[in-house]
1. Evaluate the range 315-322: report whether one residue or more is within 16 Å of ligand 2 (Cβ to nearest atom) and not assigned by TED's automatic domain parsing to the domain that holds Gly178.
2. State whether the residues of the range 270-286 include one that is in contact with a strand residue (DSSP E or B) (Cβ under 8 Å, 6 or more places away or on another chain) and of a type in the set (Ser, Thr, Tyr).
3. Run Gly136 past the list (1) within 12 Å of ligand 2 (Cβ to nearest atom); (2) touching a strand residue (DSSP E or B) at 6+ places or on another chain (Cβ under 9 Å); (3) assigned to a loop (DSSP other than H, G, I, E, B) and report the number of the one that doesn't hold.
4. If the requirement is being hydroxyl-bearing (Ser, Thr, Tyr), over 21 Å from Ile287 (Cα atoms) and surrounded by fewer than 16 Cβ atoms within 10 Å (Cβ to Cβ), which of these qualifies: Ser237, Ser204?
5. Being within 16 Å of ligand 1 (Cβ to nearest atom) and surrounded by fewer than 24 Cβ atoms within 10 Å (Cβ to Cβ) is the filter here; which residues of the range 89-110 pass it?
6. Here's a check for you: in the range 1-13, which residue that is within 19 Å of Phe118 (Cα to Cα) and assigned to a strand (DSSP E or B) is farthest from ligand 1 (Cβ to nearest atom)?
7. Name, by its number, the condition in (1) touching a residue at least 40 places away in the same chain (Cβ under 8 Å); (2) touching a Phe, Trp or Tyr at 6+ places or on another chain (Cβ under 7 Å); (3) surrounded by fewer than 17 Cβ atoms within 10 Å (Cβ to Cβ) that does not hold for Lys144.
8. With respect to His113, is the statement that it is surrounded by fewer than 24 Cβ atoms within 10 Å (Cβ to Cβ) and in contact with a Gly (Cβ under 7 Å, 6 or more places away or on another chain) true?
Amino acid sequence: MTILGIESSCDETAAAVCRDGQILSSIVSSQSIHEKYGGVVPEIASREHEKLLNLIVLESLDKATIGIDDLNAIAVTHGPGLAGTLLTGVSFAKGLGIGLQIPVIPINHLEAHIFANFLAVPSLKFPFVCLLVSGGHTQLWLIKEMNNYHLLGETRDDAAGEAFDKGARIFGLGYPGGPVIEKEAIGGNPSAHLFPRGLMGKDSLEFSFSGLKTSLLYFMDEFEETESLTKKDIIASYQQAIIDTLVEKMKRAIEKSEVKTCVIAGGVAANQCLRNSLKVALPEIQILFPDLSYCTDNAAMISYLGELKYKPSEHISMEFSVNPNLKLA
Ligand code: KG4
Ligand code: ZN
């Protein structure tokens, strides 16, 4: 089975080819145009996808050394994400599917992030707990088996990725915030300042990052760098507050669900400090992470999940639309 994956839910234009569970190619074009605005501008993102999709898809076929007629199906993200950017990908996929007379499979972006872990570890077994941490979501899931997911907890306000992005803006570090905060925090003292950790009450599996962001805003208003307290220290302390929260809630979720395996997924899963802290906090648990290139938005995860969902004997209707608020369960 050879599946083309298309991803356009936010500001990454991506296409990939998966054949029999192997990724033959994965092309991602990140739209740097948004950097100067400090965040994604939906209208511009949609126009960029429209400009790039054809080229990126052709490049993915080329890299996979297959022809367009070798495709058995197309998998495309139909939500959650930005309505306009999703529309560009779904419209493109449907047009191509009609032209080639092959099915188009709608894919949930969140589910694809979770299943990206199977790309790194094909032997991953159900059940497992997944910490899904991206720019728009912070959720803890008990993944019992394919299509059987139980939400254990989620954020009440900002997502963890958003906390990185908003923090970076306050520090004057640019967008996206996660990678740049991680880089700038290296060498800083993560215990230099104690930022608040939200919703740490005994059994809570919910998250809250808006208080942390506000606290940073007030702190930076008054902050003057000294030799004993540098900006690097503050960046490291801010990152630590996010990571401590994620690690503590993951620990509780594991205890509650009594599983022996956990995975992380989404852009924030690329954070090395988070990976290391989880390993230290949960020495008895198997902790898995996707490859770095499959943490942030990509189409490899879309094509891979598309292949898992595709049943050649079943009719797949094209009567699906985009759903910016698509949920996982
Ligand atoms: O999954 P993703 O690419 O897009 C969404 O589905 O939202 O996640 C993007 C988010 C951004 O907020 C970005 O700042 C964050 O992931 N991110 C990171 C790192 N790389 C990306 N956060 C922390 N550390 C990183 N290394
Ligand atoms: Zn994503």
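1. Yes, there is a match, as at least one residue in the range 315-322 is within 16 Å of ligand 2 (Cβ to nearest atom) and not assigned by TED's automatic domain parsing to the domain that holds Gly178.
2. No, the conditions are met nowhere in the range 270-286.
3. Against the list (1) within 12 Å of ligand 2 (Cβ to nearest atom); (2) touching a strand residue (DSSP E or B) at 6+ places or on another chain (Cβ under 9 Å); (3) assigned to a loop (DSSP other than H, G, I, E, B), Gly136 comes up short only on (2).
4. Being hydroxyl-bearing (Ser, Thr, Tyr), over 21 Å from Ile287 (Cα atoms) and surrounded by fewer than 16 Cβ atoms within 10 Å (Cβ to Cβ) holds for just one of Ser237, Ser204, which is Ser204.
5. The answer is Asn108, and nothing else.
6. Thr2
7. Single failed check for Lys144: (1).
8. no
The values are calculated or read from the model by the stated rules, or taken from the named source; none is laboratory data. None of the values given here were measured: they were computed from a predicted structure. Using ideal geometry, Cβ is built from the backbone for each residue, glycine included, and neighbour counts are taken over all protein chains shown.
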